[in-house]
Amino acid sequence: MTGTTAQPAVAAGEVCRLTIQGPSSRVELAVPAHIPLADLLPTFLDHLGGGLGNAGLEHDGWVLQRLGEPALQEDLGTAALGLYDGDILYLRPRNDQLPPADFDDLADGVATGIRNQRRDLWRPEITRRAFLALLGASLALGLVLLPTVGAGQWVAITAGSVALLLLGAATLASRALGDRAAAELLFTGSAAFGAAAGWALPMIGRPVIAMNPQLVAPCLTAAAVCTSAIVLGRFLVGGGFGAGYLAAMLATGLTALVGLLNTFDMLSAGGAAAVVLAVTLLVGTRVPRIAAWMAGLKVPPLPTSAEEFQEGIDPEPGRELMNRTAAADFNLTALCFGLGVVIAGCLGILAFTPGWASPTLAAIASLLLLLHSREFVSSRQRVAVMVPGFLGLAAVISAMCLLIPGTWRIFIIGGLVLLAGLLLAGARSLPGRKMLPHWGRAGDWAHTTLAIAIIPMTFAALNLYALVRASWS
């Protein structure tokens, strides 16, 4: 059997054509696909006529049903509810809904029950995602096998060719096919292979697998520069200047800075990581303002006089403001993730740097990130800030274990077990519980204190205090 399968309306601005069957009349309407049914119900009642709006006051109100199915959720739109063009909805009193359909065929009833009640049914969209996941897995496998090609020049040529090929494929997928998901995946693969090509460049004539520790900084610099060049191809893909683009450029630029400072012996690896960490944390304080600026949101300054209170009082268009707010939230999430990658790398370097200053700086910065995450209400943004903090503390504890005798490590493991118990107690008691104000105030004081401590600890990690003492002696 051949034919086309109807699809629910899912694109922004699409409409869904429905037939509404009332108690005594019927109406066909085209409604926006993303407007909740609760907002559409008054319109349905007006078109059906017969004073249905007032009649709903006599019972618990009205609900909409498909034949043989339970009432539709009123807080969802037609797209989220899976409604199709031509569907018939029945307007029924809430206390007198249509009963479930009876089945004269057991197999049909079982199939209907599984189709309606299961949330994990395999859908065409899942098939598409599976193919894209396999595409990403094949690229990842190629990236893993890349060092086995041989010397650095062959790895660089192979990875660079694949990077350019994937960038062209991403451009084709975006421009010609309009497939943004595939374009983003191909572009990510292009950036990864570009980084691999840059990493192999300083090892020309050397096997890539046998890594020389002295070449780590040059390889890191070359990888960041090549990745930045691929990221510039973002314009070819059609993404334009977005928050993801800016986050990627910041991450690669700061990574290249770490490598350059260490390559030319300006600073040690720990010193370069300390400088970049301080710069990244400083940039992080401006991330909300940058995200709002990129979304076109301009926060007016606070008025300082009676005349200024009368300025800028014109109302903002609601729909446009909501769209810009959503864009600003997305920008903030992307920037948090981009900077979080750089911070996690810097904390890992500092944690394993010899001496006391660099690991202490890593611990302070990690605690600062955990406290700073309280400022975000989005779970994704909070996770993007918290995860580098947890990774930094884990790296500091791991580095500490390598410096102490084995018997003392037992106490650290015992402390971690005790911490796990405290976290379990917190998971049981804290969610949904309103904390006393003095705890929040204590967190604010700790947040400020740790932020102030970043600068002197950065100087200590750079060994500036020892240099000053040596110059005076």
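Tabulated values for the structure
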{"item": "Count of the range 2-33 residues which are within 13 Å of ASP85 (Cβ to Cβ) and either at pLDDT 50 or above or over 40 Å from the mean Cα position of the chain (by Cα) (or both)", "result": "11"}
{"item": "Test set (1) surrounded by 22 or more Cβ atoms within 10 Å (Cβ to Cβ); (2) within 27 Å of ILE349 (Cβ to Cβ) - ILE209 fails condition number", "result": "(1)"}
{"item": "Qualifying residue in the range 220-228 (condition: within 22 Å of ALA169 (Cβ to Cβ), surrounded by fewer than 23 Cβ atoms within 10 Å (Cβ to Cβ) and modelled with pLDDT of 80 or more)", "result": "yes"}
{"item": "Residue list for the range 436-459, filter: at pLDDT below 85 and either surrounded by 10 or more Cβ atoms within 10 Å (Cβ to Cβ) or touching a Lys or Arg at 6+ places or on another chain (Cβ under 6 Å) (or both)", "result": "GLY440"}
{"item": "Hey, ALA425 over 30 Å from GLY271 (Cα atoms) and among the aliphatic types (A, V, I, L, M) or not", "result": "yes"}
{"item": "Evaluation of PRO354 against (1) surrounded by 22 or more Cβ atoms within 10 Å (Cβ to Cβ); (2) not in a helix (DSSP H, G or I) (one fails), failing number", "result": "(1)"}
{"item": "Whichever residue in the range 391-407 is more than 22 Å from ALA357 (Cβ to Cβ) and assigned to a helix (DSSP H, G or I) and, among such residues, is farthest from the chain's Cα centre (by Cα)", "result": "THR407"}
{"item": "Single condition ALA156 does not satisfy, out of (1) touching a residue at least 24 places away in the same chain (Cβ under 8 Å); (2) on the phi > 0 side of the Ramachandran plot; (3) of a type outside the set (Phe, Trp, Tyr)", "result": "(2)"}
{"item": "Unique match (being under 29 Å from the mean Cα position of the chain (by Cα), without any contact (Cβ under 8 Å) to a residue 60 or more places away in the chain and over 29 Å from ILE452 (Cβ atoms)) among ALA363, ALA427, ALA344, ALA384", "result": "ALA427"}
{"item": "Close pairs from the range 174-196: first within 18 Å of ALA137 (Cα to Cα), partner of a type in the set (S, T, N, Q), Cβ under 8 Å, at least 6 apart", "result": "ALA183/THR171; ALA183/SER174; ALA191/THR227; GLY194/THR227; ALA195/THR227"}
{"item": "Scope the range 266-311; condition in a helix (DSSP H, G or I), not polar (S, T, N, Q) and not assigned by the TED database to the domain that holds GLY345; matching residues", "result": "GLU308, PHE309"}
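Table: residues versus (1) within 30 Å of VAL341 (Cβ to Cβ); (2) exposed (fewer than 10 other Cβ atoms within 10 Å of the Cβ); (3) of a type in the set (Phe, Trp, Tyr).
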{"site": "PHE390", "(1), (2), (3)": "yes, no, yes"}
{"site": "THR407", "(1), (2), (3)": "no, yes, no"}
{"site": "ILE412", "(1), (2), (3)": "yes, no, no"}
{"site": "LEU419", "(1), (2), (3)": "yes, no, no"}
{"site": "LYS434", "(1), (2), (3)": "no, yes, no"}
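The values are calculated or read from the model by the stated rules, or taken from the named source; none is laboratory data. All values reported here derive from a predicted model rather than from experimental measurement. A quick note on method: Cβ atoms are made from the backbone with ideal geometry, for glycine too, and the neighbour counts reach across all protein chains shown.
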